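The block underneath contains the structure these notes are about, expressed in structure tokens.
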There are 2 protein chains.
Amino acid sequence: MKQLVLSEWLLTQLNQSDFPVRMPNHRRIYEVIRRAITTQILSAGERLPSTRSLADDLTVSRNTILAAFEQLLDEGYVASQTGSGTYVTYNQHDGFSKNIVNNNIAGDKSAVQSVESNAENIALKHEDSIGLSKRGLAACGAIKEYQSPVRVHNEVQPFTPGEDDYAGFPYALWRRLLNRQWRTPDPALLDSSHDGGYLPLRKAIADYLRVSRAVNLTYDQVLITSGTQQSIDLCARLLTDHGDCAWVENPGYWAARRVLEVNGLQLHPVNVDKEGMAPSTKDYRTTPRLIYTTPSHQYPKGMVMSYGRRRLLLDYAQNCKAWIIEDDYDSEFRFEGRPISSLQGMDQNGRVLYLGTFSKVMYPGIRLGYLVVPPNLVESFKSGLYELQRPGQVVIQAALADFIEEGHFASHIRRLRQIYGERRRLLQAALAPIATVGARLSTVDSGLHLVVEFDSICDDVSVAELASVQGLRVYPLSHYCMGESTEKGLIIGYAYSATEHITEFGSKLAEVIQLALRQ
Amino acid sequence: MKQLVLSEWLLTQLNQSDFPVRMPNHRRIYEVIRRAITTQILSAGERLPSTRSLADDLTVSRNTILAAFEQLLDEGYVASQTGSGTYVTYNQHDGFSKNIVNNNIAGDKSAVQSVESNAENIALKHEDSIGLSKRGLAACGAIKEYQSPVRVHNEVQPFTPGEDDYAGFPYALWRRLLNRQWRTPDPALLDSSHDGGYLPLRKAIADYLRVSRAVNLTYDQVLITSGTQQSIDLCARLLTDHGDCAWVENPGYWAARRVLEVNGLQLHPVNVDKEGMAPSTKDYRTTPRLIYTTPSHQYPKGMVMSYGRRRLLLDYAQNCKAWIIEDDYDSEFRFEGRPISSLQGMDQNGRVLYLGTFSKVMYPGIRLGYLVVPPNLVESFKSGLYELQRPGQVVIQAALADFIEEGHFASHIRRLRQIYGERRRLLQAALAPIATVGARLSTVDSGLHLVVEFDSICDDVSVAELASVQGLRVYPLSHYCMGESTEKGLIIGYAYSATEHITEFGSKLAEVIQLALRQ
């Protein structure tokens, strides 16, 4: 690309793009150039304009450009050669698209995917010479198979599932609440968290869950963890042994599967239907020690588990002494209709472990989640939590307790629900044309992503690839499946994209889908 | 105890005890009453004085007493009956002392202790009916076998190993550094940490380790974890498989052993001598995949690994393709002599993973540590870290980067070194008399605890028990051993106790030891 053209193009991107309002200029410039590199607009070896001329063209200070370049240098996207300027060194996009295509697991026919067999598949693709273990390969390989690689994570594009918008987070209020704790610091707040977490936070969560989710609990059953991964990890370690069978929903949450796999569990996929997780005769031949499910809003497809299915699952768990993990991952984002009660609230036998997270309502880096355990497991889980994870950040727990108790949490959720609800409606409208090519848009009215389902003949991986080349990162539904996937479609996140761009990006995505499905 | 007597006794305790200067009155009163309950000064069923009379006797406001009582009520130490007052409901100490005595592992003769066999031992003592897994039992049971139970953790007594004094932490400065981040919040700081941690912190740590610990690294090899447990966990998961053999030092760090055990490793204890970890012919019959060691300051005995032993270990690891975890857990607290270089710095083959923590220098609840990995493992570890632990708290990482870069870290360490060095000297002086009964005080001049060694005929568990009854929580050396322990002695932490009380408490402990060893 010619250098003047590049400057002009950068300028358009800076103004047009979907960045959070508060994003500083140097971050925007860095991001735009990086995207240009990862989407091959700039290719390896190409020279960037000088910082001075770029500063002139974009009418920003030279320091702003220098800051952006420095980060690009630091991260190895560009290299500078004394006297001759700055060059693009790296093109990630190539690597990424090849991985997506090569690692498509749709061809894997085995229904039960053990850590070992899965790791062996991945080992074939990895250089084994560096000496990772099988489960280590599974843990790392997971990233390439199930989601966009970590290395390009910063390059979040519109519609990336799992990304939220925290630009509107009430920073000033939160800073005040944190300062309140730091101003009169109780030494106990600086210690690690020994007894399941900060007591007022556990009480606040118990009150919240009792009222809004019909969870049946006392505060003593609430443990503060550092998030969903850690909650699932703790359950797997304390309640299962290596080689035990775990039922997971199919399609389902790959990140939960990873944690279970790394703990040596034999994952058995159970298909979902309109009523949620739907165990069949074949499934009952296995004896699960653990059942991982998302009854309020199946991940990723969104249906609510029916009453009958809930009863069946609870009775089955009681009969075979299995534990149920109920992941209520986005219960806050229900846009219409009355809230759905938790599975835990129906459980008479203490077989359900209920978990939730603050990452989506507060901000991802807060790393606080909660786990509600049956009364007779409380002491063991407190011990195990402390012994295996040594939780801390009690100051933040205390600020969060105040945030909830003083009503900020409730009003922040209301605000987010409004914002995300609007984005959802706009996206649904923009995607309406895809009905003409036989793609079905899910009608579930909650959560932070939409599901589009295709006829199974269609290769959803290539459709997602096409969209990605257009700067729209959506995930193929088949990537959420284990074994041979009959489910084809797209998972489209709308939480991250600015409201004013949803219609434009949505229409672009609709075009991509129409183009792909017509072929 | 008569109520007036109780008030008087409480008053003495409030003034005499070893609380941090900033501890509020209600916390002190709570703590003193709790200690009275856990040490059986107050027994179950006993009535506490009324809040009004106690407020009068202690000359504090009634609200202060109410706050203390409320916490005792919350935690179940006392219960109130309308009209008749507040009663002690619970006596933990009984349970605790019995556990320590019954669970003494000195009688266990097997050298290699697998998760299964260990868990089975524990299972015998546990009620299995609640349905924990074997590894879950191992994780929870660990607490009772290897350290004071979590439930009495708040009852930290003088000399509890592993407890630090963070009353002197520069709160105001730290709040200012955090506020700096929150005032101009970069959205990236609120995200989870995708790429091994906050870059400026990784750079600051790399600079620090290069200079002060002769670690051989670039900043890219530094990953920010949420502490030592998580660092070891990540290494175990990415580098070993279920059933692999891991060498651990004997005696050694039980918390590291727990994490390795829960990951299904076969732990093989390797004895230590004056030169550190000392593998024998018997040990070489096993083939470790992982070697966990503390070369700079063996935990808990304190010796430095000799040059010859370092060479031997590095060569052996290279020959059998084992990984070495070098836990440099308290390298900051070296009071005399020149710093000792890291094992990692001598490694030519990229077999060493080096780890450290900020819990001891900053405050335990900060939950930040670091892991330095060989260059060819960087990408896999970044992926695994993100995928398995989803790290975050980038704001705190940013504040910590400033804390280090602006020189506060170095001066804070200097200050702590001075404080802890003085406590060490006072304790050594106070314990000098124990030489007359054949107890040897270690002369290693670094770290945060002292080691006293007994003749092996002596039962160190009972000595620790005797001290604990006197309000001095020290740990028996045999609890740090696997298999039949020939090592008897005490581990005495001095970091937590206020300097002005060390001599008094130390003399009391010396008396306990003399009394016990004379019998």
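Okay, residues lined up against (1) within 19 Å of A:PRO375 (Cβ to Cβ); (2) in contact with a Lys or Arg (Cβ under 9 Å, 6 or more places away or on another chain):
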site: A:GLY196; (1), (2): yes, yes
site: A:LEU201; (1), (2): no, no
site: A:ALA206; (1), (2): yes, no
site: A:TYR219; (1), (2): yes, yes
site: A:VAL222; (1), (2): yes, yes
site: A:LEU239; (1), (2): yes, yes
**OP:** Go through the range B:362-379 and count every residue that is within 25 Å of A:GLY197 (Cβ to Cβ) and either open to solvent by 10 Å² or more (accessible area, probe 1.4 Å) or facing chain A (nearest Cβ under 7 Å) (or both).
**Re:** 5
Original post:
If you scan the range A:222-252, which residues turn out to be in a loop (DSSP other than H, G, I, E, B) and either open to solvent by 10 Å² or more (accessible area, probe 1.4 Å) or at the interface with chain B (Cβ under 8 Å from one of its Cβ atoms) (or both)?
Top reply: A:SER226, A:GLY227, A:THR240, A:ASP241, A:HIS242, A:GLY243, A:ASP244
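The rows are residues; the columns are (1) modelled with pLDDT of 95 or more; (2) under 19 Å from A:SER231 (Cβ atoms).
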site	(1), (2)
A:PRO288	yes, yes
A:THR294	yes, yes
A:SER341	no, no
A:GLN348	no, no
A:GLY356	yes, yes
A:VAL361	no, yes
A:GLY365	no, yes
A:VAL372	yes, yes
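Yes/no matrix, rows are residues, columns are (1) at pLDDT 85 or above; (2) open to solvent by less than 40 Å² (accessible area, probe 1.4 Å); (3) over 17 Å from B:GLU31 (Cβ atoms):
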residue: B:LEU58; (1), (2), (3): no, yes, no
residue: B:GLU70; (1), (2), (3): no, no, no
residue: B:SER84; (1), (2), (3): no, no, yes
residue: B:ASN91; (1), (2), (3): no, yes, no
**OP:** Please specify each residue of the range B:45-56 satisfying the condition of being within 35 Å of the chain's Cα centre (by Cα) and at pLDDT 85 or above.
**Re:** B:LEU48
Original post:
Does B:SER212 satisfy the criteria of being more than 16 Å from B:ALA399 (Cα to Cα), at pLDDT 95 or above and among the small types (Gly, Ala, Ser)?
Top reply: no
Original post:
Considering the range A:181-217 alone, what residues qualify as being open to solvent by 20 Å² or more (accessible area, probe 1.4 Å), away from chain B (no Cβ under 11 Å), among the aliphatic types (A, V, I, L, M) and part of a helix (DSSP H, G or I)?
Top reply: A:VAL211
Subject >> Odd one out for A:ARG351 among (1) basic (Lys, Arg); (2) within 25 Å of the chain's Cα centre (by Cα); (3) within 14 Å of chain B (Cβ to nearest Cβ) >> reply: (2)
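Residue-wise test of (1) within 14 Å of another protein chain (Cβ to nearest Cβ); (2) within 17 Å of B:ASP283 (Cβ to Cβ); (3) not acidic (Asp, Glu).
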| site | (1), (2), (3) |
| --- | --- |
| B:PRO295 | no, yes, yes |
| B:VAL304 | no, no, yes |
| B:LEU312 | no, yes, yes |
| B:ALA317 | yes, yes, yes |
| B:CYS320 | yes, yes, yes |
| B:ASP327 | no, no, no |
**OP:** Among the residues of the range B:25-54, write down those that are out of contact with any Asp or Glu (no Cβ under 7 Å at 6 or more places or on another chain), open to solvent by less than 10 Å² (accessible area, probe 1.4 Å) and more than 14 Å from B:LEU6 (Cβ to Cβ).
**Re:** B:TYR30, B:GLU31
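Per-residue answers, yes or no, for (1) more than 30 Å from B:SER212 (Cβ to Cβ); (2) of a type in the set (Val, Ile, Thr):
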position: B:ASP460; (1), (2): yes, no
position: B:VAL463; (1), (2): yes, yes
position: B:TYR480; (1), (2): no, no
position: B:GLY489; (1), (2): yes, no
position: B:GLY493; (1), (2): no, no
position: B:SER507; (1), (2): yes, no
**OP:** Collect the residues in the range A:165-180 that are more than 9 Å from chain B (Cβ to nearest Cβ) and over 25 Å from the mean Cα position of the chain (by Cα), keeping them in residue-number order.
**Re:** A:LEU173, A:ARG176, A:LEU177, A:ARG180
Original post:
Of all residues in the range B:270-304, which are part of a strand (DSSP E or B), touching a residue at least 24 places away in the same chain (Cβ under 8 Å) and open to solvent by less than 30 Å² (accessible area, probe 1.4 Å)?
Top reply: B:VAL272, B:GLY276, B:MET277, B:PRO288, B:LEU290, B:ILE291, B:TYR292, B:THR293
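The values are calculated or read from the model by the stated rules, or taken from the named source; none is laboratory data. The model shown is predicted, which means the values in this text are computed figures rather than measured ones. Positions of Cβ are generated from backbone atoms using ideal geometry, with glycine treated the same way; all protein chains shown enter the neighbour counts. We work out accessible area using only protein heavy atoms, side chains counted, and drop any ligands, DNA or RNA first. Shrake-Rupley method; radii C 1.70, N 1.55, O 1.52, S 1.80 Å.
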